Amino acid sequence: MKRLYIVDDLTAVRQMLADVLERHSYEIIGDCGNGQDALKEILELKPDIVIVDARLPGLNGLEIVRRLNRQLPDTRFLVFSAYQNPSIVKDMLEAGAHGFVEKTANLREFINGLGIVAEGGTFFGPNVAELIRTVVANPGNVQRSKDSLTEREREVLQMIAEGHSTKEIALKLGLSIKTVDNHRTNMMRKLDLHNVASITRYAMQNGLIDLEPAI
């Protein structure tokens, strides 16, 4: 029986997935709605499969997949998200995702995709497969600027976009305010962003948050 961990910010989604998947012979060993907390639990539990949304508070799904793929090479990742564009699909694939099912898919497609990923294969829903073809055909059109950011800079970017103050970010990440300011300055310089509104828009466009920008 495959051991499975679910990461989604909606409690109802996690509960419904757990209920359905247990009836399909999967063992649900944990679930979480916050990216930072999920990362810690997954590293401790070492599940066979992680189902993860792209947009999450605390730490987005892309960062979870990117970090865990390095530390848990035997764990497989299925992205289950309503958010799709060529940039986020490309980034998820490069981070190590083994499948991507859009939340508009029916239950049969989701179960089928999960089964393929669980057995060592890869699976992408039809809309995502079309986006992958777009990326392959037009690689120059996919934004790559955030690839130059460090892990800390990406964390700071997301937390600023979520509305956290510098002091709050410092407390959450265990850093000094000066260090957070340095990460913020470097991130904004690399991405050519100039204020919180532009940071928020960038985060929304790249699937990091789903809030309306505060302009």
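Considering (1) of a type outside the set (A, V, I, L, M); (2) within 23 Å of Ile169 (Cβ to Cβ); (3) surrounded by 24 or more Cβ atoms within 10 Å (Cβ to Cβ), say which one Phe100 fails and leave the rest.
Answer for Phe100: the failing condition is (2).
Of the residues in the stretch 30-43, how many are in contact with a helix residue (DSSP H, G or I) (Cβ under 8 Å, 6 or more places away or on another chain), free of Cβ contacts under 8 Å to residues at least 60 places away in the same chain and open to solvent by 40 Å² or more (accessible area, probe 1.4 Å)?
The number of residues fulfilling the criteria is 2.
Inside the stretch 201-215, can you point out the residues that are at pLDDT below 70 and of a type in the set (A, V, I, L, M)?
Leu211, Ala214, Ile215
Is it the case that some residue within the stretch 59-72 is closer than 26 Å to Gly174 by Cβ, at pLDDT 95 or above and touching an Asp or Glu at 6+ places or on another chain (Cβ under 7 Å)?
Checked against the condition, which is being closer than 26 Å to Gly174 by Cβ, at pLDDT 95 or above and touching an Asp or Glu at 6+ places or on another chain (Cβ under 7 Å), the stretch 59-72 yields no hits at all.
Considering only residues of the stretch 69-82 that are surrounded by 19 or more Cβ atoms within 10 Å (Cβ to Cβ) and of a type outside the set (D, E, K, R), which is farthest from Tyr26 (Cα to Cα)?
Ser81
Where residues in the stretch 133-167 are in contact with a Pro (Cβ under 8 Å, 6 or more places away or on another chain) and among the hydrophobic types (A, V, I, L, M, F, W, C), which of them is modelled with the highest pLDDT?
Restricting to residues being in contact with a Pro (Cβ under 8 Å, 6 or more places away or on another chain) and among the hydrophobic types (A, V, I, L, M, F, W, C), the top hit is Val135.
So, in the stretch 44-68, of the ones that are outside any loop (DSSP other than H, G, I, E, B) and open to solvent by 50 Å² or more (accessible area, probe 1.4 Å), which residue ends up farthest from Val13 (Cα to Cα)?
Among residues in the stretch 44-68 that are outside any loop (DSSP other than H, G, I, E, B) and open to solvent by 50 Å² or more (accessible area, probe 1.4 Å), the one farthest from Val13 (Cα to Cα) is Glu44.
Does any residue of the stretch 6-26 turn out to be in contact with a Leu (Cβ under 6 Å, 6 or more places away or on another chain), open to solvent by 10 Å² or more (accessible area, probe 1.4 Å) and over 19 Å from Tyr83 (Cβ atoms)?
Within the stretch 6-26, one or more residues are in contact with a Leu (Cβ under 6 Å, 6 or more places away or on another chain), open to solvent by 10 Å² or more (accessible area, probe 1.4 Å) and over 19 Å from Tyr83 (Cβ atoms).
The values are calculated or read from the model by the stated rules, or taken from the named source; none is laboratory data. Keep in mind that what you see is a predicted model, and the values were worked out from it rather than measured. Note that we place each Cβ from the backbone using ideal geometry, even for glycine, and neighbour counts take in every protein chain shown. Side chains are part of the model used for accessible areas, which takes the heavy atoms of the whole protein and leaves out ligands, DNA and RNA. Shrake-Rupley method; radii C 1.70, N 1.55, O 1.52, S 1.80 Å.
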